[in-house]
Amino acid sequence: MDRRPPSPLKNWLRALGAGTTEEQLRVGPRWDAVLLLLAIVAFLGINFFTSAGGPLSHYFVPMLVISAGIVLFLLSLVLISVVALLLRLRRGEVGSQLATRLVVIITLLSFLPAAVVFGFSWQYLNQGVDSWFSSAVQSALDQALNVAKAGVDRYRNSTLLAAESIAQALVGESDSSAVITVIALRDQYRLSSVTLFSSDNRIIATSSDNLSLAPRLPRQEILAMEEGHPTAAIEPEPKGGLLVKVLIPVLSPHLGESNRMLYVEQPIPEQLTRAAEAVQVAYTRYHQLMLMREPMKTAFQLSLAVALLLAVLSAVWMGLHLARRLTAPIARLAAGTQAVARGEFIPLQTVASHDELGVLIHSFNNMTRQLARAKQQAAAAQEQAEQRRLYLETVLGQISSGILTFDGENHLAEVNAAATHILQEDLFRGSALDDLYDGTALEPLWKLVADWVEHPRNGMQRELQIERPDGPQTMIVHGAHFADDAGSRGFVLVFDDISTLVAAQRSAAWSEVARRLAHEIKNPLTPIQLSAERLRRKYLERLGDEGETLDRATRTIIHQVDALKVMVDAFSEYARQPQLELRPLDLNTLILDVLDLYRGQESGVEIRAELGAGLPPLRADVHRLRQILNNLLRNALDALQGGVESSDGKHILIRTRLTDAGPTKMLELSVLDDGPGFPVELLARVFEPYVSSKVKGSGLGLAIVRRIVEEHGGQIIADNQGLQGGARIVIDFPLG
Amino acid sequence: MRLSSALRLPAARSGQRLLVVILLGLCGFFCATGVAVAGPAFHVERVQVIPHADAVEIDASVRLGKEALLRQVLDQGQTLTWVVEAEWREPEPFSFIPGIGVHARREQRWHIRYYPLTNQYAIEDQQGVLTLYAHWSEVVTKLTRVRNFVLPLAHGAARGQVALRVYVDSQALPLPLRLRSLLDHWKLESSWTVAPLPR
């Protein structure tokens, strides 16, 4: 699957959250994390200044909102880190327990002092703010305000009384005389300004401390005046100070004439004004503070909580990060050791650190490299040993000698194919030597080995015979001890089946005997025969009737010499040196030619041929093959003529066919009869010279047949699996 | 159905899913808080727009929903800044976003304070003209009437609508009260009341 690389922002967030990134392999600090912490500290500083009032106070609420955002962001990072740590802990990752311990310690170390400071600050804030307010102060301020009010009201009332007096004096006065009255009474009552105006706002008379030509008309006061009642109000002046304003109607004594209005202004003395305003400011500020009492606490508490949260969360997050950074190399080392335990000698990534962890990783990498080299060498040695073992196994499998190895506890360790073939028994590895006594034909072998093991000598070499159903098997057995890798002594048995060798030696001995016999006997036979014939010719007629003895004796000599000649010829034939003229021939044609010679005889034996079709030509000496066929047919006829005739007559079957014997094709020639078969005791030796069940005969026929077959590279066997249990001779000639 | 699966989140990391659930919970909390703080204290009613050559003259009535709180704050010595703000808007794409489609805006400010020495309320306009009121009812009468509020318009403007609102400027409050003004109980403002621009 195509894995896309994570985005830089995601990678950064995961790195900040102490998640699994390549960056976690670093040992040193992350500078972006340090910068983030510095930014948080700077933010806390700005937050402090904005919360302290002044020109930056406008930014307090946005800063508080941003603080909440940062708290949330940090909380998310901490949560991610904590969840990641818990997952690591649950998975049992190496280093997670140490990281957890570090985080808990750092959290406690940061949280506890911060909580104590927070608690004290909280308490101090509450008590400090509450201490600003008291009922005594409030009562004092109320009373001060009342005093100030009384002072101001006294001026207002005195001004009102003066205005009423002036208004009373002006009742009935004409407009022209009113001017004098206004000026006089203003001076008398020491008022700041007195103005008399008509109902249509026409100024009738005015007198004032200042030199203004256009006195102010009390438009607002006129509006506020209810049903012609006098009004007196105190107002702040734009230039500071308080001003008493009184508006009072001057009643007209004449019916139908509209009333005139008297407007009086009188500033309150500056000393009283200043004192009253100071009281008012203090009163106002105190009540303002009372209004802000709880909100102020809330603001302070919020700032404190945000600062605490930012500090604690930053510390926890930093602790998580530090724990991750500190334990990451340990985890890598643990993973490295686990990989080494699995047999993977991969060096860890080196870190640019010269502290203990850096040295440890460097040492671990050196160790890993050395282990890798040792493993490579061991693997090479093991491979070499394996190749040697395979070579030895191949050799053992191919050689004709049987080999058995036994370990120090006399258990069979190795057995090659030739051993199984020679011993004609399946032997299983691990079998104990004692268990091999199974009462079979191999008991003499195991007995010999056991005797040798019990009485150890340097080596052993014995020749022994195993009795087999088809004759004795001669073996030569060699034994030798060896020490295996574990130091225990085992032994190896090497044995060969020398039955064929013994038979060949016997055959060679017989050949030599036959050759000497033929040489020593054949030479005197002709003079003997000639002498006997001469005696017969010379003295038989002379003796007449007396010559009967001579006649019988010479005839016997001549016949016995002929018999001896036949025997000597057979000896010569058996002992002759092989001189073959090999040519391709059709075996079936040769068989038919030979059979033609036998079919004319009145032997009472039916000779049949089952010849395989399409046989390839056989490269052989035609005379020797003819000799084989003659010998075999003669043997079969002799055997049938001496036996009991069955109900359906006597039969000889000659069969040829093509067979596969391993990698080479063979041409099989079989001669079967339904005679009595070979005697069982002679079956294993029927091809040896002078081994015959016939009364007559040299006993060399089958020996000569086997010799010719072997000269052609073939094999011959004899058994009693012929027709109806008769004899069977099977010859295999190799093709090609 | 689990929330994470309902949101089609990858099921690979349970930690991430937990974080998403927490963040969504926090967002939900803040959204719910935001809904709770809604609800204006004042209501602008009966807006009348009188067109002139290059301006409109606006008259309206204001219903003070939190008159007692207003008076309490003033009596405690806190000066308040009363703002009347009018906008001329034309329908435009994305005009639901504040500020989009607004072609003219004007605001008028009055500072209201209380003098405990003389038991008077004073309203000072932007020109510094101070008007004193001996009774709170007079102040209420003054605040609840918007008269002759002139909003200058571009030449030939003959479509769109006029919006009006009143509020107490929280930025002019001291720091602690500014925090409290974020809460619903202290939110002294009206929503926009819209009237079509007469042709």
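The values are calculated or read from the model by the stated rules, or taken from the named source; none is laboratory data. Computed from a prediction, not measured in an experiment: that's the story for all the values here. When we count neighbours, we look across all protein chains shown, and the Cβ atoms used for this are built from the backbone with ideal geometry, even at glycine.
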For segment B:98-140, give me each residue that is polar (S, T, N, Q) and closer than 26 Å to A:Arg285 by Cβ. B:Thr118, B:Asn119, B:Gln120, B:Gln126, B:Thr131
Hits in segment B:76-89 (condition: over 16 Å from B:Pro174 (Cα atoms) and either within 14 Å of another protein chain (Cβ to nearest Cβ) or touching an Asp or Glu at 6+ places or on another chain (Cβ under 9 Å) (or both)): B:Val83, B:Val84, B:Glu85, B:Ala86
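For segment A:585-600, check the following and say yes or no: at least one residue is of a type outside the set (Phe, Trp, Tyr), more than 30 Å from A:Glu512 (Cα to Cα) and modelled with pLDDT under 80.
Yes: segment A:585-600 contains one or more residues that are of a type outside the set (Phe, Trp, Tyr), more than 30 Å from A:Glu512 (Cα to Cα) and modelled with pLDDT under 80.
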The number of residues in segment A:570-597 that are without any contact (Cβ under 8 Å) to a residue 40 or more places away in the chain, out of contact with any strand residue (DSSP E or B) (no Cβ under 6 Å at 6 or more places or on another chain) and not in a loop (DSSP other than H, G, I, E, B) is 8
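Of these, B:Leu164, B:Leu179, B:Leu151, which one is without any contact (Cβ under 8 Å) to a residue 60 or more places away in the chain, assigned by TED's automatic domain parsing to the domain that holds B:Leu69 and of a type outside the set (D, E, K, R)?
Unique residue meeting the criteria: B:Leu179.
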Top-ranked residue of segment A:231-249 - restricted to ones that are within 11 Å of another protein chain (Cβ to nearest Cβ) and of a type in the set (D, E, K, R), ranked as surrounded by the most Cβ atoms within 10 Å (Cβ to Cβ): A:Lys245
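What about A:Glu173, is it among the acidic types (Asp, Glu) and modelled with pLDDT of 85 or more?
Spelling it out, it is not the case that A:Glu173 is among the acidic types (Asp, Glu) and modelled with pLDDT of 85 or more.
For (1) touching a Phe, Trp or Tyr at 6+ places or on another chain (Cβ under 7 Å); (2) under 30 Å from A:Ile330 (Cβ atoms), each residue gets a yes or a no:
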position	(1), (2)
A:Ala374	no, yes
A:Thr394	no, no
A:Ile403	no, no
A:Leu436	yes, no
A:Leu445	no, no
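Go through segment A:399-422 and count every residue that is under 16 Å from A:Ile476 (Cβ atoms) and assigned to a loop (DSSP other than H, G, I, E, B).
So the answer is 3.
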In segment B:39-75, which residues are more than 14 Å from every other protein chain (Cβ to nearest Cβ), among the acidic types (Asp, Glu) and in contact with a helix residue (DSSP H, G or I) (Cβ under 8 Å, 6 or more places away or on another chain)? B:Glu67
Kindly indicate whether any position in segment A:123-130 is part of a helix (DSSP H, G or I) and of a type in the set (Ser, Thr, Tyr). yes
Across segment A:161-178, what is the number of residues that are crowded, with 19+ Cβ neighbours inside 10 Å and in contact (Cβ under 8 Å) with a residue 12 or more places away in the chain? 6
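Among B:Trp186, B:Trp136, which is the only one that is out of contact with any strand residue (DSSP E or B) (no Cβ under 7 Å at 6 or more places or on another chain), assigned by TED's automatic domain parsing to the domain that holds B:Ala53 and farther than 26 Å from B:Glu90 by Cα?
B:Trp186
Looking only at segment A:303-313, decide whether some residue is part of a helix (DSSP H, G or I), within 60 Å of the chain's Cα centre (by Cα) and within 11 Å of chain B (Cβ to nearest Cβ). Spell out how you get there, then give the answer.
In the first step, residues of segment A:303-313 are kept if they are part of a helix (DSSP H, G or I); the result is A:303-313.
Applying the additional criterion that residues be within 60 Å of the chain's Cα centre (by Cα) yields A:303-313.
Subsequent filtering for residues that are within 11 Å of chain B (Cβ to nearest Cβ) retains A:303.
Yes, because at least one residue in segment A:303-313 is part of a helix (DSSP H, G or I), within 60 Å of the chain's Cα centre (by Cα) and within 11 Å of chain B (Cβ to nearest Cβ).
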A:Arg325 surrounded by 20 or more Cβ atoms within 10 Å (Cβ to Cβ), touching a Pro at 6+ places or on another chain (Cβ under 9 Å) and among the basic types (Lys, Arg): yes
Here are A:Val622, A:Val561: which of them is surrounded by 13 or more Cβ atoms within 10 Å (Cβ to Cβ) and either outside the structural domain of A:Lys650 (by TED's automatic domain parsing) or out of contact with any strand residue (DSSP E or B) (no Cβ under 9 Å at 6 or more places or on another chain) (or both)? A:Val561
Selected residue [outside the structural domain of A:Ala275 (by TED's automatic domain parsing) and in a helix (DSSP H, G or I)] from A:Ala167, A:Ala150, A:Ala162, A:Ala184: A:Ala150
Failed condition for B:Ser137, given (1) small (Gly, Ala, Ser); (2) in contact (Cβ under 8 Å) with a residue 12 or more places away in the chain; (3) surrounded by fewer than 19 Cβ atoms within 10 Å (Cβ to Cβ): (2)
Here is a check on your reading of the model: is B:Gly99 part of a loop (DSSP other than H, G, I, E, B), at pLDDT 85 or above and small (Gly, Ala, Ser)? no
Residue by residue through segment A:560-600, note down the ones that are over 22 Å from A:Val622 (Cβ atoms) and either touching a Phe, Trp or Tyr at 6+ places or on another chain (Cβ under 8 Å) or among the polar types (S, T, N, Q) (or both). A:Gln560
Scanning segment B:94-132 for residues that are of a type in the set (Phe, Trp, Tyr) and more than 24 Å from A:Leu272 (Cβ to Cβ) gives B:Phe94, B:Phe96, B:Trp110
Output for segment A:266-302, where each listed residue is closer than 30 Å to A:Val116 by Cβ and within 10 Å of another protein chain (Cβ to nearest Cβ): A:Leu289, A:Met292, A:Arg293, A:Glu294, A:Pro295, A:Met296, A:Lys297, A:Thr298, A:Ala299, A:Phe300, A:Leu302
When segment A:83-93 is checked residue by residue, the ones that are at the interface with chain B (Cβ under 9 Å from one of its Cβ atoms) and crowded, with 21+ Cβ neighbours inside 10 Å are A:Ala84
Selection from segment A:125-160 of residues that are more than 14 Å from chain B (Cβ to nearest Cβ) and surrounded by fewer than 12 Cβ atoms within 10 Å (Cβ to Cβ): A:Gln127, A:Asp130, A:Ser131, A:Ser134, A:Ser135, A:Ala136, A:Ser139
Out of A:Phe678, A:Phe687, which single residue is assigned to a loop (DSSP other than H, G, I, E, B), closer than 22 Å to A:Phe571 by Cα, touching a strand residue (DSSP E or B) at 6+ places or on another chain (Cβ under 8 Å) and at pLDDT 80 or above? A:Phe687
Single unsatisfied condition, A:Leu672 versus (1) touching a Gly at 6+ places or on another chain (Cβ under 6 Å); (2) in a helix (DSSP H, G or I); (3) modelled with pLDDT of 80 or more; (4) aliphatic (A, V, I, L, M): (2)
Within segment B:140-189, track down each residue that is farther than 16 Å from B:Trp82 by Cα, buried (at least 16 other Cβ atoms within 10 Å of the Cβ) and among the small types (Gly, Ala, Ser). B:Ala157, B:Gly160, B:Ala163
